[in-house]
Amino acid sequence: MISEKLKPLVANNSTVRAMFEEGGKLKEKYGEENVFDFSIGNPNVPAPEEVKQAILDILEEEDSLFVHGYMNNAGYDDVRQTLAEQINKEKGTSYSGKNLIMTVGAGSSLNVALKTVINRGDEVLIFAPYFLEYNWYVDNYDGKVVPVDTKEDFTPDVDDLRKKISDRTKAVIINNPNNPTGVVYDEDVIKSIAEVMYEAQEKTGKEIYIISDEPYRELVYDGAKVPWIPDFYNNTMVGYSYSKTLSLPGERIGYLLIPDEADDAETLIEAATGANRISGCVNAPSLIQRVIKRCADCKADIDFYDRNRKALYNGLRDCGFECTLPKGAFYLWVRSPVEDEREFCKAAKKYNILMVPGRSFMGPGYVRLAYCVSEKTVRDSIDKFRKLAEEYGKQV
Ligand code: PLP
């Protein structure tokens, strides 16, 4: 018999994953070009050419025993040092390799961060709507998720944060740019969160951590800036991933950064390194770590996502749907024309349009469209959306 904890996981298989699988079946049946699968954040941009070249060069140039061997559980020292220097260049910081733990993607960064600080019953506050895997991650360590409200524009409601922080609060997860809303929190928002958290730390006499989940950090548009949270709050751990920016989701590579400014940073780093080991990952995959070192300067193809962002947003607005132009990530958050957005998603399936109901992110009444698809998919979908809009009496 499976464990009690996993029973709900089996019973409610992730909607996003389920739709991804359904999309595959529809594509087989109707042909790829006739399915408009906006369900999952799997980048449609190929990984940069440098990644392929780096793999080939590493296999030719580096000692294979070294490349495929075990290493420090935190990752290769030279890789961590290179990435620390890269961050320093961009953020004006002074980290060294010891501040980074290479992880198996952002999912693993979050698990390592939570494992490092959560005791049974500790509360983790998260601004809703949010990436629902967080619930499972927090539950892995017997923590408890406390959703915090966002405002009408989906930026954090700091008054609600203040209300919900208690002496059981151990961490606040921030995801900026945000999945599913595409909102980017600016410096004022981060400052006001930090202020509330410093107050709470002072009141409770305990550390409360920000766990900053940043797989979309570089995916921003119209000059939007993503604040570097450790500049505003010392007890921050930053989770990063190359899944989205370098289109490497299957390679499972990212890092967790713990700044020296965090209270008792050395112990925290040591504990996180141990958490990485005993999670069973032992260390992040070795070959792709070495690739990331060589590709530290590679950038995401923002223009591609930007074109899709504008085309989908303008197309949907023209059809009469309500949505806000996202400032980051590659998701469009659209208000459902009917209260139960699952009905809207069901109606869309008639046109082979797949989108995810907002309640899969604790955001009922909305749907999420991942526009990391081909430009043709976006272009050809608009006609279908127009037909869908007609069903709801939208202006077309
Ligand atoms: N966090 C957020 C907000 C995400 O959207 C995702 C993936 O979609 C992840 C974490 C996990 O990313 P990774 O593939 O790096 O584990």
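The values are calculated or read from the model by the stated rules, or taken from the named source; none is laboratory data. Nothing here was measured: the structure is a model prediction, and the numbers come from that model. Here the Cβ positions follow ideal geometry from the backbone for every residue, glycine too, while neighbour counts run over all protein chains shown. Side chains included, ligands, DNA and RNA excluded: accessible areas come from the protein's heavy atoms. Shrake-Rupley method; radii C 1.70, N 1.55, O 1.52, S 1.80 Å.
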Identify which of 92, 315, 363 has the largest mean-square fluctuation in a Gaussian network model of the chain, with springs joining Cα atoms closer than 10 Å. 92
If every alpha-carbon in segment 178-302 counts as one equal scatterer, what log10 I(q)/I(0) does Debye give at q = 0.13, 0.14, 0.18, 0.19 1/Å? -0.65, -0.75, -1.14, -1.22
Computed magnitude of the charge dipole of segment 131-288 (debye, nearest 20; Cβ of K, R +1, Cβ of D, E -1): 500
Within segment 233-318, list the GluC sites (Glu not before Pro) lying in a DSSP loop whose Cβ has at most 15 other Cβ atoms in a 10 Å radius. 261
If you count only protein heavy atoms with a 1.4 Å probe, what accessible area per residue comes out for the chain, rounded to a whole Å²? 45
Cα gyration tensor category, rounded, prolate or oblate, for segment 293-396 with a/c compared to 1.5: prolate
What FRET efficiency, computed as 1/(1 + (r/R0)^6) with R0 = 51 Å and r the Cβ-Cβ distance, is obtained for residue 271 and residue 391, rounded to the nearest 0.05? 0.40
Grab the beta carbon distance between residue 89 and residue 374, set R0 = 35 Å, and tell me the FRET efficiency rounded to 0.05. 0.60
I'd like the isolated cysteines in the chain, meaning no second cysteine's beta-carbon lies under 4.7 angstrom from theirs. 281, 319, 323, 345, 372
Loop only per DSSP, at most 15 neighbouring Cβ atoms within 10 Å: give me the chymotrypsin sites (Phe, Trp or Tyr not before Pro) in segment 28-121, ordered by residue number. 70
Applying 1/(1 + (r/R0)^6) with R0 = 25 Å to the Cβ-Cβ distance of residue 339 and residue 140, what FRET efficiency is obtained, to the nearest 0.05? 0.15
Solvent-accessible area, 1.4 Å probe, carbon plus sulfur percent, for the chain: 48
Which residues does the label zone of residue 78 cover in segment 269-304, counting backbone N under 20 Å from a point 7 Å along Cα→Cβ? 283-298
Gain in length, residue 18 to residue 6, computed as 0.36 nm per residue apart minus the alpha-carbon separation, to one decimal in nm? 2.6 nm
Length-normalised contact order for the chain - Cα pairs under 8 Å, 6+ apart - percent: 23
How long is the gain from residue 261 to residue 191 if the chain were fully straight, where each residue apart is worth 0.36 nm and the alpha carbon distance is subtracted? 23.5 nm
Extension length gain for residue 153 and residue 33 (0.36 nm per residue less Cα distance), in nm, is 39.8 nm
When the Kirkwood radius is taken over all Cα pairs of the chain, what Stokes-Einstein diffusion coefficient follows at 4 °C and 1.567 mPa s, in µm²/s? 59
Need one number: nm distance between label points at residue 65 and residue 302, each 7 Å from Cα along Cα→Cβ, rounded to one decimal. 4.5
How about segment 308-356: which trypsin sites (Lys or Arg not before Pro) there are in a DSSP loop, with at most 16 other Cβ atoms within 10 Å of their Cβ? 350
